[in-house]
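Visitor: Take this structure first; my questions come after.
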Amino acid sequence: MLGHALILSLLATTQAFAADAAAKPDLAKAKQTVETVCVACHGADGNSTIPQNPKLAGQHWEYLYKQLRNFKSWDGKPAERANPVMGGMTAALEDADMKALALYFSGQKLTLGQAKDRKSVEAGQKIWRGGIAAKGVPACAGCHGPAGAGLPAQYPALHGQHFEYTEAQLKAFRAGERANDPNRMMQTIALKLTDVEIKAVSDYIAGLR
């Protein structure tokens with residue numbers, strides 16, 4: 001369960017984001033950007049049809065905004081999340097553009113997916129709901145919710161995400177190739193997971209509702 005201090009911190013963060021959102025983001029401009037730039041990889045409505053690219057529709061806008069900021073190099077410093085493609089895409093975006101894009105995608109309806117392997121799903125469900133006690137792996141549902149809805153400003157919604165994308169991100173966390181997670185939480189967890197366990201939980205997530 002979340003501690004009292006963490007809950008207060010999350011509430012403060014959410015309120016700060018909400019205050020920023022009140023600055024009337026240019027959603028019309030964001031829509032135009034999506035339809036001319038983002039559409040090729042993520043779809044016009046944020047429901048990517050390319051398994052290697054994440055679905056963005058319905059994702060918490062605070063999380064999307066953080067990721068966009070993390071992809072970009074600010075003040076000459078290396079980007080927190082290294083990705084050549086997204087680094088190039090975000091290079092010309094200002095902070096206001098990122099907020100508007102995040103809000104646009106969060107307002108789209110997510111198209112849910114399906115798991116692929118029944119046996120894999122059963123193993124993934126156990127990890128999602130109960131973790132792996134012997135390895136000190138916590139239940140995924142503890143942070144991302146029983147149905148994978150996540151927690152705004154802190155934990156992303158995962159339900160219905162492409163199996164291939166989730167698997168790749170968990171492996172990237174494990175290898176240290178992705179390191180923009182708060183307090184190294186996902187890196188620490190992923191280090192304890194085998195390829196088979198990553199595959200199982202990723203498959204379960206794809207069909208989660």
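The values are calculated or read from the model by the stated rules, or taken from the named source; none is laboratory data. Because the structure is predicted, anything quoted here is derived from the model rather than measured. Every residue, glycine among them, receives a Cβ derived from its backbone with ideal geometry; neighbour counts consider all protein chains shown. Side chains included, ligands, DNA and RNA excluded: accessible areas come from the protein's heavy atoms. Shrake-Rupley method; radii C 1.70, N 1.55, O 1.52, S 1.80 Å.
Visitor: Is it true that residue 110 is touching a Leu at 6+ places or on another chain (Cβ under 8 Å) and either touching a residue at least 12 places away in the same chain (Cβ under 8 Å) or of a type outside the set (Lys, Arg) (or both)?
Guide: Answer is no for this residue.
Visitor: Would you mind stating whether residue 179 is open to solvent by 30 Å² or more (accessible area, probe 1.4 Å) and part of a loop (DSSP other than H, G, I, E, B)?
Guide: Criteria met by residue 179.
Visitor: Next question. Test residue 48 against the stated conditions and say whether it is open to solvent by 30 Å² or more (accessible area, probe 1.4 Å), under 16 Å from the mean Cα position of the chain (by Cα), at pLDDT 95 or above and closer than 26 Å to residue 148 by Cβ.
Guide: Criteria not met by residue 48.
Visitor: What is the residue count in the stretch 189-209 for residues that are open to solvent by 20 Å² or more (accessible area, probe 1.4 Å) and in a loop (DSSP other than H, G, I, E, B)?
Guide: The total comes to 5.
Visitor: How about the stretch 25-42: which of its residues are of a type in the set (S, T, N, Q) and exposed (fewer than 11 other Cβ atoms within 10 Å of the Cβ)?
Guide: 36
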